[in-house]
1. Roll a 1.4 angstrom probe over the protein heavy atoms and tell me the percent of accessible area of segment 218-375 that is carbon or sulfur.
2. Name the chymotrypsin sites (Phe, Trp or Tyr not before Pro) in segment 276-375 that are in a loop by DSSP and that have at most 15 other C-beta atoms within 10 Å, would you?
3. Please report the antiparallel percentage of the DSSP beta bridges confined to the chain, to the nearest 5.
4. Please work out whether segment 53-197 counts as rounded, prolate or oblate from its C-alpha gyration tensor, where a ≥ b ≥ c are the square roots of the eigenvalues and a/c under 1.5 means rounded, while otherwise a/b larger than b/c means prolate and anything else oblate?
5. Over all Cα pairs of segment 189-286, how is the pair count split among 5 Å bins, expressed in % and running from 0 up to the last occupied bin?
6. At 7 Å along the Cα-to-beta-carbon direction for both Thr37 and Asp129, put a label point, then send me their distance in nm to one decimal.
7. At a threshold of 8 angstrom on Cα-Cα distance, excluding pairs fewer than six apart, so keeping six or more, what relative contact order does segment 22-148 reach in percent?
8. State whether segment 217-375 is rounded, prolate or oblate according to the following rule on the C-alpha gyration tensor (a ≥ b ≥ c being the square roots of its eigenvalues): a/c under 1.5 gives rounded; otherwise a/b larger than b/c gives prolate, and the remaining case gives oblate.
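The values are calculated or read from the model by the stated rules, or taken from the named source; none is laboratory data. All values reported here derive from a predicted model rather than from experimental measurement. Here the Cβ positions follow ideal geometry from the backbone for every residue, glycine too, while neighbour counts run over all protein chains shown. With ligands, DNA and RNA removed, areas are computed over all heavy atoms of the protein, side chains included. Shrake-Rupley method; radii C 1.70, N 1.55, O 1.52, S 1.80 Å.
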Amino acid sequence: MKTVHLRFLLCLGSLVFNTYAARCQAVQTDRIPSLKTVFQDDFLIGTCLNTSQIAGKDSAESNLIERQFNAITPENIMKAHILHPAWNRFDFELADKLVAYAAKHRLKVNGHTLIWHSQLPDYIRQINDVDSVRQYFVNHIETVASRYDGLIESWDVVNEALNEDGTLRNSIFLEKLGKNYIIEAFRLAQKAAPNTKLYYNDYNIEQPQKRAGAISLIKSIQAAGVRIDGVGIQGHWRADDVPMEDIEESIKEFSALGIEVMFTELDLSVLPNPWDSNIADIGRKAAYRAEMDPYPGGLPDSIQHVQALAYESLFQLFIKYRDSISRITFWGVSDGQSWLNNWPVRGRTNYPLLFDRQFKPKAAFYRVIAAGSVN
Ligand code: XIL
(Lines give C-alpha, C1' and ligand atoms only; values in the text may rest on other atoms or scores of the structure.)
Protein backbone atom coordinates (compact mmCIF):
# COMPACT_ATOMS: atom_id res chain seq x y z
CA MET A 1 0.00 0.00 0.00
CA LYS A 2 2.83 2.35 0.99
CA THR A 3 4.80 1.73 -2.25
CA VAL A 4 1.73 2.41 -4.32
CA HIS A 5 1.27 5.66 -2.43
CA LEU A 6 4.90 6.67 -2.92
CA ARG A 7 4.78 5.85 -6.64
CA PHE A 8 1.67 7.92 -7.00
CA LEU A 9 3.37 10.86 -5.32
CA LEU A 10 6.47 10.50 -7.50
CA CYS A 11 4.32 10.37 -10.63
CA LEU A 12 2.36 13.39 -9.56
CA GLY A 13 5.61 15.21 -8.73
CA SER A 14 7.12 14.51 -12.13
CA LEU A 15 3.89 15.47 -13.88
CA VAL A 16 3.85 18.80 -12.08
CA PHE A 17 7.55 19.34 -12.80
CA ASN A 18 7.22 18.47 -16.50
CA THR A 19 4.25 20.74 -16.96
CA TYR A 20 6.13 23.48 -15.15
CA ALA A 21 9.25 22.95 -17.33
CA ALA A 22 7.14 23.02 -20.51
CA ARG A 23 5.47 26.23 -19.31
CA CYS A 24 8.83 27.84 -18.62
CA GLN A 25 9.99 27.03 -22.12
CA ALA A 26 6.73 28.28 -23.55
CA VAL A 27 7.10 31.50 -21.61
CA GLN A 28 10.60 31.92 -22.99
CA THR A 29 9.42 31.53 -26.58
CA ASP A 30 6.69 34.05 -25.77
CA ARG A 31 9.25 36.65 -24.78
CA ILE A 32 11.22 36.75 -28.02
CA PRO A 33 10.13 38.91 -30.96
CA SER A 34 7.86 37.32 -33.56
CA LEU A 35 8.95 36.97 -37.20
CA LYS A 36 5.41 37.07 -38.56
CA THR A 37 4.70 40.27 -36.63
CA VAL A 38 7.93 42.01 -37.57
CA PHE A 39 7.36 41.23 -41.28
CA GLN A 40 3.57 41.55 -41.27
CA ASP A 41 3.54 44.44 -43.74
CA ASP A 42 6.15 42.82 -45.98
CA PHE A 43 5.51 39.13 -46.70
CA LEU A 44 4.28 35.91 -45.12
CA ILE A 45 6.74 33.98 -42.98
CA GLY A 46 6.45 30.22 -43.36
CA THR A 47 7.97 26.95 -42.28
CA CYS A 48 7.62 23.40 -43.48
CA LEU A 49 5.94 21.02 -41.04
CA ASN A 50 6.02 17.24 -40.60
CA THR A 51 3.63 14.71 -39.08
CA SER A 52 4.75 14.99 -35.45
CA GLN A 53 4.61 18.78 -35.57
CA ILE A 54 0.99 18.88 -36.73
CA ALA A 55 0.16 16.40 -33.96
CA GLY A 56 1.53 19.04 -31.55
CA LYS A 57 3.78 16.48 -29.80
CA ASP A 58 6.18 19.05 -28.34
CA SER A 59 4.50 21.93 -26.55
CA ALA A 60 7.51 24.27 -26.73
CA GLU A 61 7.73 23.71 -30.47
CA SER A 62 3.98 24.14 -30.99
CA ASN A 63 4.11 27.39 -29.12
CA LEU A 64 7.01 28.57 -31.25
CA ILE A 65 5.22 27.66 -34.51
CA GLU A 66 2.12 29.56 -33.45
CA ARG A 67 4.05 32.65 -32.47
CA GLN A 68 6.53 32.85 -35.30
CA PHE A 69 4.82 31.72 -38.51
CA ASN A 70 1.70 32.50 -40.54
CA ALA A 71 2.26 30.08 -43.44
CA ILE A 72 3.13 26.39 -43.71
CA THR A 73 4.22 23.96 -46.38
CA PRO A 74 3.91 20.22 -45.73
CA GLU A 75 7.48 18.88 -45.70
CA ASN A 76 6.34 15.51 -47.13
CA ILE A 77 2.64 15.00 -46.33
CA MET A 78 1.27 16.23 -49.69
CA LYS A 79 3.81 14.49 -51.90
CA ALA A 80 2.48 11.84 -54.29
CA HIS A 81 3.95 8.78 -52.53
CA ILE A 82 1.94 9.66 -49.42
CA LEU A 83 -1.25 11.05 -51.00
CA HIS A 84 -1.57 8.49 -53.79
CA PRO A 85 0.00 5.25 -52.52
CA ALA A 86 -1.70 2.87 -54.96
CA TRP A 87 -2.99 3.26 -58.51
CA ASN A 88 -6.61 3.31 -57.38
CA ARG A 89 -6.22 4.65 -53.88
CA PHE A 90 -5.66 8.05 -52.34
CA ASP A 91 -4.86 8.52 -48.66
CA PHE A 92 -5.83 11.97 -47.43
CA GLU A 93 -5.63 11.28 -43.71
CA LEU A 94 -2.45 13.24 -42.95
CA ALA A 95 -3.11 15.99 -45.48
CA ASP A 96 -6.57 16.58 -44.01
CA LYS A 97 -5.02 16.78 -40.54
CA LEU A 98 -2.49 19.31 -41.78
CA VAL A 99 -5.23 21.45 -43.31
CA ALA A 100 -7.26 21.26 -40.06
CA TYR A 101 -4.16 22.20 -38.03
CA ALA A 102 -3.58 25.18 -40.30
CA ALA A 103 -7.20 26.34 -40.00
CA LYS A 104 -7.01 26.09 -36.21
CA HIS A 105 -3.83 28.15 -36.04
CA ARG A 106 -4.71 30.53 -38.88
CA LEU A 107 -1.81 29.46 -41.10
CA LYS A 108 -1.87 29.68 -44.89
CA VAL A 109 -1.04 26.37 -46.56
CA ASN A 110 1.11 26.03 -49.66
CA GLY A 111 0.48 22.56 -51.12
CA HIS A 112 3.74 20.85 -52.06
CA THR A 113 3.71 19.39 -54.66
CA LEU A 114 1.50 18.03 -57.47
CA ILE A 115 4.02 17.03 -60.15
CA TRP A 116 7.62 16.17 -59.23
CA HIS A 117 10.00 13.47 -60.43
CA SER A 118 11.07 12.62 -56.83
CA GLN A 119 9.14 10.88 -54.04
CA LEU A 120 6.73 9.33 -56.54
CA PRO A 121 4.79 6.19 -55.61
CA ASP A 122 6.62 3.00 -56.69
CA TYR A 123 3.96 1.84 -59.15
CA ILE A 124 4.62 4.85 -61.38
CA ARG A 125 8.11 3.67 -62.11
CA GLN A 126 6.76 0.36 -63.33
CA ILE A 127 4.37 1.92 -65.83
CA ASN A 128 5.58 1.99 -69.37
CA ASP A 129 2.70 2.98 -71.58
CA VAL A 130 1.93 6.59 -72.32
CA ASP A 131 -1.80 6.26 -71.65
CA SER A 132 -1.29 5.02 -68.11
CA VAL A 133 1.14 7.81 -67.30
CA ARG A 134 -1.35 10.32 -68.69
CA GLN A 135 -4.16 8.72 -66.69
CA TYR A 136 -2.11 8.96 -63.48
CA PHE A 137 -1.15 12.56 -64.24
CA VAL A 138 -4.70 13.77 -64.91
CA ASN A 139 -6.29 11.77 -62.09
CA HIS A 140 -3.68 12.87 -59.55
CA ILE A 141 -3.93 16.57 -60.33
CA GLU A 142 -7.73 16.61 -60.62
CA THR A 143 -8.38 14.63 -57.45
CA VAL A 144 -5.86 16.31 -55.19
CA ALA A 145 -6.19 19.89 -56.42
CA SER A 146 -10.00 19.86 -56.30
CA ARG A 147 -10.13 18.34 -52.81
CA TYR A 148 -8.20 21.21 -51.26
CA ASP A 149 -9.51 24.07 -53.41
CA GLY A 150 -10.75 26.82 -51.12
CA LEU A 151 -9.00 25.19 -48.15
CA ILE A 152 -5.41 25.93 -49.03
CA GLU A 153 -3.79 29.08 -50.37
CA SER A 154 -1.62 27.71 -53.15
CA TRP A 155 0.03 24.76 -54.89
CA ASP A 156 3.54 24.16 -56.13
CA VAL A 157 2.01 22.68 -59.28
CA VAL A 158 5.33 21.55 -60.72
CA ASN A 159 8.56 21.14 -58.76
CA GLU A 160 12.12 21.00 -60.15
CA ALA A 161 11.42 20.47 -63.86
CA LEU A 162 14.65 22.13 -65.04
CA ASN A 163 18.28 21.15 -65.49
CA GLU A 164 21.08 23.49 -64.44
CA ASP A 165 21.48 24.70 -68.04
CA GLY A 166 17.82 25.69 -68.20
CA THR A 167 16.67 22.79 -70.38
CA LEU A 168 13.86 20.48 -69.29
CA ARG A 169 14.91 17.74 -66.88
CA ASN A 170 14.45 14.22 -68.07
CA SER A 171 11.65 12.57 -66.11
CA ILE A 172 8.88 10.07 -66.61
CA PHE A 173 6.57 13.00 -67.35
CA LEU A 174 8.82 14.56 -70.00
CA GLU A 175 9.56 11.18 -71.50
CA LYS A 176 5.95 10.00 -71.78
CA LEU A 177 3.94 13.21 -72.07
CA GLY A 178 6.30 15.46 -74.00
CA LYS A 179 7.54 18.97 -73.33
CA ASN A 180 4.07 20.49 -72.89
CA TYR A 181 3.40 18.47 -69.75
CA ILE A 182 4.11 21.49 -67.53
CA ILE A 183 1.57 23.68 -69.31
CA GLU A 184 -0.88 20.76 -69.08
CA ALA A 185 -0.27 20.41 -65.33
CA PHE A 186 -1.09 24.08 -64.80
CA ARG A 187 -4.14 23.85 -67.08
CA LEU A 188 -5.53 20.88 -65.12
CA ALA A 189 -4.77 22.54 -61.78
CA GLN A 190 -6.44 25.77 -62.88
CA LYS A 191 -9.60 23.87 -63.74
CA ALA A 192 -9.62 21.73 -60.60
CA ALA A 193 -8.61 24.52 -58.22
CA PRO A 194 -9.93 27.85 -59.50
CA ASN A 195 -9.53 29.45 -56.05
CA THR A 196 -5.98 28.31 -55.41
CA LYS A 197 -2.82 30.13 -56.46
CA LEU A 198 -0.57 28.14 -58.77
CA TYR A 199 3.22 28.23 -58.60
CA TYR A 200 6.34 26.83 -60.28
CA ASN A 201 9.02 25.88 -57.71
CA ASP A 202 12.71 24.98 -58.19
CA TYR A 203 16.24 25.26 -56.74
CA ASN A 204 19.05 27.30 -58.31
CA ILE A 205 16.67 29.24 -60.55
CA GLU A 206 18.41 32.36 -59.29
CA GLN A 207 21.41 31.17 -61.36
CA PRO A 208 21.52 32.90 -64.78
CA GLN A 209 21.18 29.88 -67.11
CA LYS A 210 18.58 28.05 -65.09
CA ARG A 211 16.75 31.34 -64.45
CA ALA A 212 16.53 31.93 -68.22
CA GLY A 213 15.02 28.45 -68.56
CA ALA A 214 12.48 29.21 -65.82
CA ILE A 215 11.57 32.51 -67.44
CA SER A 216 10.91 30.91 -70.81
CA LEU A 217 8.91 28.15 -69.11
CA ILE A 218 6.75 30.71 -67.30
CA LYS A 219 6.30 32.71 -70.51
CA SER A 220 5.19 29.56 -72.34
CA ILE A 221 2.54 28.90 -69.68
CA GLN A 222 1.33 32.48 -69.94
CA ALA A 223 1.38 32.39 -73.76
CA ALA A 224 -0.86 29.31 -73.67
CA GLY A 225 -3.43 31.39 -71.76
CA VAL A 226 -2.94 29.29 -68.64
CA ARG A 227 -2.76 30.81 -65.17
CA ILE A 228 0.49 30.86 -63.21
CA ASP A 229 0.51 33.09 -60.13
CA GLY A 230 4.04 32.84 -58.87
CA VAL A 231 7.49 31.34 -58.78
CA GLY A 232 9.24 29.79 -55.80
CA ILE A 233 13.00 29.98 -55.50
CA GLN A 234 13.84 27.21 -53.02
CA GLY A 235 16.84 28.92 -51.40
CA HIS A 236 19.04 26.01 -50.23
CA TRP A 237 22.25 27.99 -50.01
CA ARG A 238 25.55 27.96 -48.12
CA ALA A 239 25.96 30.44 -45.27
CA ASP A 240 29.40 31.48 -46.58
CA ASP A 241 28.34 31.82 -50.20
CA VAL A 242 24.85 33.23 -50.69
CA PRO A 243 24.50 34.35 -54.35
CA MET A 244 23.17 37.82 -53.46
CA GLU A 245 23.52 39.41 -56.90
CA ASP A 246 21.85 36.52 -58.69
CA ILE A 247 19.04 36.58 -56.14
CA GLU A 248 18.47 40.30 -56.65
CA GLU A 249 18.48 39.96 -60.42
CA SER A 250 16.04 37.05 -60.17
CA ILE A 251 13.59 38.99 -58.04
CA LYS A 252 13.62 41.75 -60.67
CA GLU A 253 13.31 39.45 -63.68
CA PHE A 254 10.66 37.13 -62.25
CA SER A 255 8.49 39.93 -60.93
CA ALA A 256 8.70 41.64 -64.34
CA LEU A 257 6.65 38.66 -65.60
CA GLY A 258 3.77 39.91 -63.48
CA ILE A 259 3.89 37.07 -60.96
CA GLU A 260 4.63 36.74 -57.24
CA VAL A 261 8.16 35.83 -56.16
CA MET A 262 8.71 33.60 -53.13
CA PHE A 263 11.61 32.00 -51.29
CA THR A 264 10.10 28.67 -50.45
CA GLU A 265 12.62 26.37 -48.74
CA LEU A 266 15.16 28.69 -47.17
CA ASP A 267 18.08 27.24 -45.21
CA LEU A 268 21.77 28.21 -45.02
CA SER A 269 24.02 25.19 -44.59
CA VAL A 270 27.25 25.50 -42.59
CA LEU A 271 28.72 22.11 -43.53
CA PRO A 272 31.19 21.22 -46.28
CA ASN A 273 29.66 20.36 -49.61
CA PRO A 274 30.85 17.05 -51.14
CA TRP A 275 30.66 18.62 -54.61
CA ASP A 276 31.62 21.91 -56.27
CA SER A 277 28.10 22.62 -57.38
CA ASN A 278 25.18 23.56 -55.19
CA ILE A 279 22.53 21.20 -56.55
CA ALA A 280 19.67 20.43 -54.14
CA ASP A 281 18.62 17.21 -55.90
CA ILE A 282 17.42 14.76 -53.24
CA GLY A 283 18.51 11.85 -55.47
CA ARG A 284 22.23 12.83 -55.24
CA LYS A 285 23.93 11.44 -52.14
CA ALA A 286 27.48 11.14 -50.78
CA ALA A 287 29.04 8.80 -48.20
CA TYR A 288 29.68 9.86 -44.59
CA ARG A 289 33.24 10.86 -43.69
CA ALA A 290 34.15 12.44 -40.35
CA GLU A 291 35.75 15.47 -42.03
CA MET A 292 32.41 16.20 -43.69
CA ASP A 293 30.83 16.54 -40.23
CA PRO A 294 33.03 19.06 -38.40
CA TYR A 295 30.63 20.35 -35.69
CA PRO A 296 28.86 17.37 -34.09
CA GLY A 297 29.14 18.95 -30.63
CA GLY A 298 28.03 22.51 -31.43
CA LEU A 299 28.51 25.34 -33.89
CA PRO A 300 31.55 27.59 -33.25
CA ASP A 301 30.67 31.24 -32.61
CA SER A 302 32.66 32.39 -35.64
CA ILE A 303 30.46 30.29 -37.97
CA GLN A 304 27.28 31.35 -36.12
CA HIS A 305 28.33 34.91 -36.85
CA VAL A 306 28.95 34.32 -40.56
CA GLN A 307 25.53 32.68 -40.83
CA ALA A 308 23.81 35.46 -38.89
CA LEU A 309 25.29 38.13 -41.19
CA ALA A 310 24.29 36.14 -44.28
CA TYR A 311 20.70 35.89 -43.04
CA GLU A 312 20.68 39.60 -42.23
CA SER A 313 21.87 40.61 -45.72
CA LEU A 314 19.32 38.30 -47.30
CA PHE A 315 16.46 39.78 -45.33
CA GLN A 316 17.66 43.31 -46.07
CA LEU A 317 17.41 42.38 -49.74
CA PHE A 318 13.97 40.81 -49.24
CA ILE A 319 12.79 44.00 -47.55
CA LYS A 320 14.11 46.10 -50.43
CA TYR A 321 11.88 44.06 -52.76
CA ARG A 322 8.97 43.60 -50.37
CA ASP A 323 6.50 44.73 -53.05
CA SER A 324 7.53 41.82 -55.29
CA ILE A 325 7.95 39.11 -52.64
CA SER A 326 4.89 37.44 -51.12
CA ARG A 327 6.35 34.76 -48.83
CA ILE A 328 9.59 33.57 -47.23
CA THR A 329 9.37 29.98 -46.01
CA PHE A 330 12.12 28.27 -43.98
CA TRP A 331 12.64 24.57 -44.64
CA GLY A 332 12.06 23.61 -41.03
CA VAL A 333 11.44 25.17 -37.62
CA SER A 334 14.69 24.24 -35.88
CA ASP A 335 18.12 22.84 -36.73
CA GLY A 336 17.12 19.42 -35.40
CA GLN A 337 14.35 19.09 -37.99
CA SER A 338 16.42 20.08 -41.02
CA TRP A 339 16.68 17.66 -43.95
CA LEU A 340 20.30 18.88 -44.25
CA ASN A 341 21.26 16.65 -41.30
CA ASN A 342 20.68 13.72 -43.67
CA TRP A 343 21.26 15.13 -47.13
CA PRO A 344 23.46 14.87 -49.13
CA VAL A 345 25.30 12.90 -46.42
CA ARG A 346 23.37 10.88 -43.82
CA GLY A 347 23.85 11.46 -40.10
CA ARG A 348 25.61 14.84 -39.98
CA THR A 349 24.91 17.71 -37.59
CA ASN A 350 23.94 20.81 -39.55
CA TYR A 351 22.72 24.19 -38.26
CA PRO A 352 20.93 25.88 -41.16
CA LEU A 353 17.87 27.51 -39.53
CA LEU A 354 16.99 30.32 -37.10
CA PHE A 355 16.22 28.15 -34.04
CA ASP A 356 18.57 25.64 -32.41
CA ARG A 357 17.84 22.07 -31.35
CA GLN A 358 16.29 23.31 -28.09
CA PHE A 359 14.08 25.76 -30.06
CA LYS A 360 16.10 28.71 -28.80
CA PRO A 361 16.61 31.63 -31.20
CA LYS A 362 20.11 31.76 -32.68
CA ALA A 363 22.21 34.81 -33.57
CA ALA A 364 20.72 34.54 -37.08
CA PHE A 365 17.20 34.98 -35.67
CA TYR A 366 18.11 38.29 -34.03
CA ARG A 367 19.83 39.54 -37.20
CA VAL A 368 16.72 38.73 -39.24
CA ILE A 369 14.57 40.55 -36.71
CA ALA A 370 16.97 43.52 -36.86
CA ALA A 371 16.71 43.58 -40.69
CA GLY A 372 12.92 43.70 -40.37
CA SER A 373 12.86 46.32 -37.62
CA VAL A 374 14.66 48.97 -39.69
CA ASN A 375 11.54 49.58 -41.83
C1 XIL B 1 12.82 16.95 -48.51
C2 XIL B 1 12.29 16.71 -47.10
O3 XIL B 1 12.70 17.79 -46.28
C4 XIL B 1 12.80 15.41 -46.53
O5 XIL B 1 12.17 15.10 -45.30
C6 XIL B 1 12.55 14.26 -47.53
O7 XIL B 1 13.16 13.09 -47.05
C8 XIL B 1 13.09 14.61 -48.91
O9 XIL B 1 12.54 15.84 -49.35
N10 XIL B 1 13.43 20.18 -52.42
C11 XIL B 1 12.07 20.02 -52.20
C12 XIL B 1 11.61 19.42 -50.93
O13 XIL B 1 11.26 20.51 -53.01
O14 XIL B 1 10.39 18.73 -51.09
C15 XIL B 1 12.66 18.51 -50.32
O16 XIL B 1 12.20 18.09 -49.04
C17 XIL B 1 13.99 19.23 -50.22
C18 XIL B 1 14.48 19.65 -51.58
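1. Solvent-exposed carbon and sulfur of segment 218-375 make up 49 percent of the total.
2. Tyr288
3. Numbers: 3 of 39 bridges.
Just about 10 percent of them are antiparallel.
4. prolate
5. Percent of pairs per bin, in order: 2, 12, 22, 23, 16, 12, 7, 4, 1.
6. It works out to 6.1 nm between the two label points.
7. 23 percent
8. Values: a/c = 2.35, a/b = 1.45, b/c = 1.62.
Oblate is the answer for segment 217-375, as a/c is 1.5 or above yet b/c matches or exceeds a/b.
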